[in-house]
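Everything below concerns the one structure shown next.
Each value in this text was obtained by applying a stated rule to the coordinates, not by laboratory testing. Every value quoted in this text rests on a predicted model; they were computed, and no experiment measured them. As a convention, Cβ positions derive from the backbone with ideal geometry for all residues, glycine included, and neighbour counts pool all protein chains shown.
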Number of protein chains: 2
Amino acid sequence: MHVNPHSQSGSPRLLAILQQLRARGCRLTPQRVAILQAMLTNAEHPTAEQIHTRVKAQFPMTSLATVYNTLDLLKEMGALLEIELGHGSSRFDGVNPHPHPHLICTRCHTILDTDIPHLQTVTDVVSQTTGFMVTGYRFDIFGICPTCQTIG
Amino acid sequence: MHVNPHSQSGSPRLLAILQQLRARGCRLTPQRVAILQAMLTNAEHPTAEQIHTRVKAQFPMTSLATVYNTLDLLKEMGALLEIELGHGSSRFDGVNPHPHPHLICTRCHTILDTDIPHLQTVTDVVSQTTGFMVTGYRFDIFGICPTCQTIG
DNA sequence: TTTACTGCAAACGATTTGCAGTCCC
DNA sequence: GGGACTGCAAATCGTTTGCAGTAAA
């Protein structure tokens, strides 16, 4: 299999991450690039399985293990966020890799991004008052989404 | 095995939860009461395994499955909080079962309770602006605790 | 006596890992 | 050509479950 990433146009973000991968000495295998593209263009906070399904449409041989390996790599690079739920699969956010609050519907399991102003300030204050060196956070708000409320 | 919960003094909270269990038609087995007591007197956010170890000191036959079953029951009753971490075991908070932010040290895995004023107000605002019916939240702040910082 | 609960062991399911072969660079 | 990466299958591990026996009420 052979793919030349330069032959296809891509978003600045995609190109930047490909660049980062190259700088790391990582190979740009077709599977890897396809997984990355799938992550950057899916705002639904997909599971590894869902990414696998989507990538298999393009490269049928792709294994789930490779998806997991690649997601780990991208996570370590800071290119995506993993939302680890206790039960069921992790969900991934490749659209906004910076910590931000999520609204999680406990009925349909939809995850929505949301914005809470000054959250950075809040964690800064915690850092100062407790002596904790804050490196990140996760703020999940659970409830029932508007759609599920109307369904009943 | 036979234990009479009334023969021992207990905190008001312990007695209230025992009462709640009885009201539900649940049996007050020695294992169950011991697990509950262990949870109410351990502020270290223990794992199921750690609770199992502690309870086995008192009732050596106690199985880990019973610990899990009992923790599930207590969680469903709202008597404790489960902190589900993606990797490793869940941690449980039986001291403060109401949602509150946690400071999690990514080096020594200590979990500290903390207080952020007006967090309830924040989730209320999110509820109003998004139409989400908020039922709970989880706010984990990751970093390096003061002790681990001094160790280097 | 009734039946909820227990211990045990096997099952489960998401993720990781070992390995032999592949193919990007 | 070398070694990072792949697919596959087996291993891992926290947690759940089935079941026959036990004991709380």
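From its DSSP helices (H runs of at least four residues, each -39,500 (n - 2.57)), chain B gives a residue-normalised ellipticity at 222 nm of -13000 deg cm²/dmol.
Applying the Karplus relation 6.51 cos²θ - 1.76 cosθ + 1.60 with θ = phi - 60° to the stretch B:66-79 yields 3J(HN,Hα) values of 5, 4, 4, 4, 5, 4, 4, 4, 5, 5, 5, 7, x, 8 Hz, where x marks Gly and Pro.
Taking other Cβ within 10 Å of each residue's Cβ, how do B:Phe132, B:Phe142 sort, fewest first?
The fewest-first ordering by Cβ neighbours comes to B:Phe142, B:Phe132.
In the distance distribution for the stretch A:8-83, Cα-Cα pairs more than 13 Å apart total 64 percent. Partners of A:Lys56 within straight-line reach, counting lysines whose Cα lies under 30 Å from its Cα and excluding those fewer than 8 residues away in the same chain: A:Lys75.
Sequence-ordered 3J(HN,Hα) estimates for the stretch B:105-117 from the Karplus curve with 6.51, -1.76 and 1.60 and θ = phi - 60° stand at 7, 7, 9, 9, 6, 5, 10, 10, 6, 9, 10, 10, x Hz, glycine and proline given as x. For chain A, the Kirkwood hydrodynamic radius from C-alpha pairs, put into Stokes-Einstein at 37 °C and a viscosity of 0.692 mPa s, yields a diffusion coefficient of 190 µm² per second. In whole Å, what is the distance between the alpha-carbon centres of the stretch A:36-68 and the stretch A:107-152? Centre-to-centre (Cα) distance: 26 Å. As a length-normalised measure over Cα pairs under 8 Å and 6 or more apart, the relative contact order of the stretch B:2-131 settles at 19 percent. Considering the protein assembly as shown, its Cα convex hull presents a mean projected area of 21.1 nm².
May I ask you to sort B:Arg54, B:Arg27 by Cβ crowding, counting other Cβ atoms within 10 Å and putting the fewest first?
Neighbour counts put them in this order, fewest first: B:Arg27, B:Arg54.
Just to check, using Stokes-Einstein with a Kirkwood Rh over alpha carbon pairs, what's the diffusion coefficient of the stretch A:80-152 at 10 °C and 1.306 mPa s in µm²/s? Estimated diffusion coefficient is 114 µm²/s. The GluC sites (Glu not before Pro) of the stretch B:61-152 that meet both conditions, a loop assignment by DSSP and at most 16 other Cβ atoms within 10 Å of the site Cβ, are B:Glu84.
Counting other Cβ atoms within 10 Å as a rough exposure proxy, the listed residues B:His118, B:His87 run B:His87, B:His118 from fewest neighbours to most.
Net charge in the neighbourhood of B:His45 (other residues with Cβ under 15 Å of its Cβ; Lys, Arg +1, Asp, Glu -1) is -3.
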